[in-house]
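The values are calculated or read from the model by the stated rules, or taken from the named source; none is laboratory data. Every value quoted in this text rests on a predicted model; they were computed, and no experiment measured them. Please note: Cβ atoms are built from the backbone with ideal geometry, for glycine as well, and neighbour counts cover all protein chains shown. The protein model used for the area step is the full one, side chains on, heavy atoms only, and it has no ligands, DNA or RNA in it. Shrake-Rupley method; radii C 1.70, N 1.55, O 1.52, S 1.80 Å.
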Amino acid sequence: NPVGIRDTLATLLEAPPLCHLTPDGRGTAELVLAEVLNNVAEHAYAEGPGPVTVTLTPVAGGIHCSVVDEGAAMPGGRLPDGRLRGSPETALEDLPEGGFGWHLIRVLSRDLTYRRSDGRNCLSFLLPCDG
(Lines give C-alpha, C1' and ligand atoms only; values in the text may rest on other atoms or scores of the structure.)
Protein backbone atom coordinates (compact mmCIF):
# COMPACT_ATOMS: atom_id res chain seq x y z
CA ASN A 1 0.00 0.00 0.00
CA PRO A 2 1.15 3.61 -0.40
CA VAL A 3 1.99 4.05 3.29
CA GLY A 4 4.03 0.85 3.33
CA ILE A 5 5.89 1.94 0.21
CA ARG A 6 6.68 5.37 1.72
CA ASP A 7 7.90 3.75 4.94
CA THR A 8 10.07 1.28 3.02
CA LEU A 9 11.57 4.05 0.89
CA ALA A 10 12.36 6.14 3.97
CA THR A 11 14.12 3.17 5.58
CA LEU A 12 16.11 2.40 2.41
CA LEU A 13 17.17 6.03 1.96
CA GLU A 14 18.41 6.36 5.55
CA ALA A 15 20.62 3.25 5.36
CA PRO A 16 23.72 2.31 3.36
CA PRO A 17 24.27 2.32 0.50
CA LEU A 18 21.65 4.97 -0.40
CA CYS A 19 22.47 7.25 2.53
CA HIS A 20 25.95 7.77 1.06
CA LEU A 21 24.63 9.26 -2.19
CA THR A 22 24.49 12.97 -2.89
CA PRO A 23 21.07 14.62 -2.46
CA ASP A 24 20.52 14.38 -6.23
CA GLY A 25 21.53 10.72 -6.24
CA ARG A 26 19.19 9.98 -3.34
CA GLY A 27 16.38 11.78 -5.16
CA THR A 28 16.94 9.69 -8.28
CA ALA A 29 17.09 6.49 -6.24
CA GLU A 30 13.89 7.42 -4.43
CA LEU A 31 12.06 8.18 -7.68
CA VAL A 32 13.12 4.96 -9.40
CA LEU A 33 12.44 2.74 -6.40
CA ALA A 34 9.08 4.43 -5.77
CA GLU A 35 8.02 3.78 -9.36
CA VAL A 36 9.15 0.16 -9.19
CA LEU A 37 7.47 -0.53 -5.84
CA ASN A 38 4.26 1.23 -6.86
CA ASN A 39 4.13 -0.91 -10.01
CA VAL A 40 4.57 -4.05 -7.93
CA ALA A 41 1.76 -2.99 -5.58
CA GLU A 42 -0.59 -1.86 -8.35
CA HIS A 43 -0.02 -4.61 -10.89
CA ALA A 44 1.78 -7.65 -9.48
CA TYR A 45 -0.29 -7.59 -6.29
CA ALA A 46 -3.50 -6.12 -7.71
CA GLU A 47 -5.48 -8.87 -5.95
CA GLY A 48 -3.92 -8.32 -2.53
CA PRO A 49 -0.63 -7.79 -0.70
CA GLY A 50 2.39 -10.04 -0.88
CA PRO A 51 6.10 -10.19 -0.14
CA VAL A 52 8.67 -7.99 -1.87
CA THR A 53 12.42 -8.21 -1.40
CA VAL A 54 14.63 -5.23 -2.26
CA THR A 55 18.38 -5.81 -2.34
CA LEU A 56 20.80 -2.91 -2.84
CA THR A 57 24.46 -3.70 -3.50
CA PRO A 58 27.22 -1.17 -4.11
CA VAL A 59 29.12 -2.04 -7.30
CA ALA A 60 31.59 -0.26 -9.55
CA GLY A 61 29.75 2.69 -11.06
CA GLY A 62 26.65 2.63 -8.89
CA ILE A 63 24.22 0.58 -6.86
CA HIS A 64 22.84 -2.69 -8.18
CA CYS A 65 19.16 -3.04 -7.28
CA SER A 66 17.16 -6.25 -7.24
CA VAL A 67 13.41 -6.30 -6.59
CA VAL A 68 11.74 -9.70 -6.28
CA ASP A 69 8.03 -10.36 -5.76
CA GLU A 70 5.66 -13.32 -6.00
CA GLY A 71 2.85 -11.46 -7.75
CA ALA A 72 1.43 -11.66 -11.25
CA ALA A 73 3.91 -11.82 -14.12
CA MET A 74 4.56 -8.91 -16.45
CA PRO A 75 2.17 -8.98 -19.42
CA GLY A 76 3.81 -10.97 -22.19
CA GLY A 77 6.64 -11.90 -19.83
CA ARG A 78 8.57 -8.74 -20.60
CA LEU A 79 9.05 -5.17 -19.43
CA PRO A 80 6.88 -2.38 -20.83
CA ASP A 81 8.74 -0.37 -23.46
CA GLY A 82 8.47 2.86 -21.50
CA ARG A 83 7.62 4.89 -24.56
CA LEU A 84 5.91 8.18 -23.78
CA ARG A 85 2.48 8.64 -25.29
CA GLY A 86 1.42 11.89 -26.89
CA SER A 87 3.65 14.39 -28.61
CA PRO A 88 5.12 17.82 -27.89
CA GLU A 89 2.02 19.29 -29.50
CA THR A 90 -0.40 17.38 -27.23
CA ALA A 91 -2.26 19.72 -24.90
CA LEU A 92 -1.64 19.11 -21.20
CA GLU A 93 -5.28 18.21 -20.57
CA ASP A 94 -5.16 15.66 -23.41
CA LEU A 95 -2.15 13.74 -22.10
CA PRO A 96 -2.97 10.24 -20.87
CA GLU A 97 -2.92 9.58 -17.15
CA GLY A 98 -0.16 7.20 -16.17
CA GLY A 99 2.36 5.49 -18.37
CA PHE A 100 5.29 7.68 -17.33
CA GLY A 101 6.76 5.38 -14.68
CA TRP A 102 8.53 2.92 -16.95
CA HIS A 103 9.88 5.79 -19.02
CA LEU A 104 11.39 7.34 -15.87
CA ILE A 105 12.77 4.00 -14.70
CA ARG A 106 14.41 3.39 -18.09
CA VAL A 107 15.87 6.91 -18.31
CA LEU A 108 17.23 7.01 -14.75
CA SER A 109 18.62 3.47 -14.49
CA ARG A 110 20.93 1.22 -16.51
CA ASP A 111 21.07 -2.49 -17.33
CA LEU A 112 17.36 -2.99 -16.64
CA THR A 113 16.36 -6.66 -16.83
CA TYR A 114 13.29 -8.70 -15.97
CA ARG A 115 12.78 -12.41 -15.69
CA ARG A 116 10.14 -14.70 -14.25
CA SER A 117 11.59 -17.61 -12.31
CA ASP A 118 9.94 -20.14 -9.98
CA GLY A 119 6.76 -18.04 -9.68
CA ARG A 120 8.67 -14.87 -8.89
CA ASN A 121 9.26 -11.62 -10.76
CA CYS A 122 12.92 -10.61 -10.68
CA LEU A 123 13.69 -7.05 -11.73
CA SER A 124 17.24 -5.77 -11.63
CA PHE A 125 18.91 -2.54 -12.61
CA LEU A 126 21.82 -0.27 -11.86
CA LEU A 127 21.41 3.15 -10.30
CA PRO A 128 24.45 4.99 -11.69
CA CYS A 129 26.62 6.54 -9.00
CA ASP A 130 26.71 10.32 -9.04
CA GLY A 131 29.74 10.59 -6.83
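Points worth noting:
- Placing dummy labels 7 Å off each Cα toward the beta-carbon, the span from Thr55 to Asp7 is 2.5 nm.
- Accessible-area composition of the stretch 1-59, carbon plus sulfur, in percent [1.4 Å probe]: 56 percent
- Based on protein heavy atoms only, the chain ends up with 61 Å² per residue of surface accessible to a 1.4 Å probe.
- Between the stretch 66-80 and the stretch 102-123, the Cα center-to-center distance that results, in Å: 8 Å
- Simple Cβ-charge dipole of the stretch 2-69, Lys/Arg +1 and Asp/Glu -1, about Cα centre, in debye nearest 20: 180 debye
- Compactness of the chain, taken as the C-alpha radius of gyration over 2.2 N^0.38 Å, stands at 1.08.
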